[in-house]
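Written below as structure tokens is the structure these notes are about.
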Amino acid sequence: MNSLMQILPLIELSITSSVICIWVLQKFATNPFPFAVKLFLVLLIGNVLFWPLGLGMELPLVAYVRGVTGDLSIVLTLLLWSSLLPSSKPTPIAFKFAVAIVAFCFYPFALGFGMIDPYAWGYGSITFLIAVLVFAVVCALANWTKGAWIIAIAIIAWAAQWHESSNLWDYLLDPFLAIWALISFVGMIYRRRRDKARSGYLFRPG
């Protein structure tokens, strides 16, 4: 059982790393990849990352990746995986804003700035769990059912102790998710200001 619990996170991270590789490849491609091609690349890259390749490395490549990144949150993992689906839609900007605000408030206090330790709430605080469930309900009411499912699965994974951590925060948030949300939100504001400036220039009298 212990060996299985060590293998499953490696499989999870190998799939996630494959998805990121496909995302990078897609940026350089002229046309979007069909879903079948994406699935094939996930299996191919995931296998390359999962099995030891020799070259003086006793562990698979993904084990070294995990040593640097740790276990990614379930929320970020599922967001990345779902991006491969043909019907995948962009993540709502309201969710990115919420993640950015939570991360901006969470990490300073979790690192010791202040008397409050929000990280301790993740060890079975009923109030915190209810707050997370309410956020999932808000996602569903806002017509983003995928977000509600992602949060629900993250809670189930925490209850089942899917990762080594027993803290709910580690299943909901990680630095990479926070950085992505912050960059995406700032980029959205920049694009809106740029488009507004361009429209103002185009319709300027004279």
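The values are calculated or read from the model by the stated rules, or taken from the named source; none is laboratory data. What you see is a predicted model, and the numbers here were worked out from it, not measured in a lab. Calculation scope for accessible area: heavy atoms of the full protein, side chains included, ligands and nucleic acids excluded. Shrake-Rupley method; radii C 1.70, N 1.55, O 1.52, S 1.80 Å.
Data table
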quantity	calculated
Calculated [θ] (222 nm, deg cm²/dmol) that DSSP helices of n ≥ 4 give over the chain, each run adding -39,500 (n - 2.57)	-23000 deg cm²/dmol
Top of L173, L59, L76 by mean-square fluctuation, Gaussian network on the chain, Cα under 10 Å	L59
Reach of K27 by Cα under 24 Å, taken over lysines that are not fewer than 8 positions away in the same chain	K38, K89, K96
Solvent-accessible heavy-atom area per residue, rounded to whole Å², over the range 34-174 at 1.4 Å	59 Å²
From phi via Karplus (6.51, -1.76, 1.60), per-residue ³J(HN,Hα) for the range 133-144 in Hz, x at Gly/Pro	5, 5, 4, 5, 5, 4, 4, 5, 5, 7, 6, 10
Phi to ³J(HN,Hα) by Karplus 6.51 cos²θ - 1.76 cosθ + 1.60 over the range 87-94, Hz, x for Gly, Pro	8, 5, 10, x, 5, x, 5, 5
Derived scalar couplings ³J(HN,Hα) [the range 14-22; Karplus, 6.51 cos²θ - 1.76 cosθ + 1.60; whole Hz; x for Gly, Pro]	5, 5, 4, 4, 5, 4, 5, 4, 5
Accessible-area composition of the range 31-130, carbon plus sulfur, in percent [1.4 Å probe]	77 percent
I7 accessible area, assembled protein chains, probe 1.4 Å, Å²	70 Å²
Rg to Rh quotient for the chain, alpha carbon positions, Kirkwood Rh	1.02
Stretch gain in nm, segment V48-Y107, where the contour uses 0.36 nm per residue and the Cα spacing is subtracted	17.8 nm
Three-way shape call for the range 65-121 based on the alpha-carbon gyration tensor, with the a/c threshold at 1.5	oblate
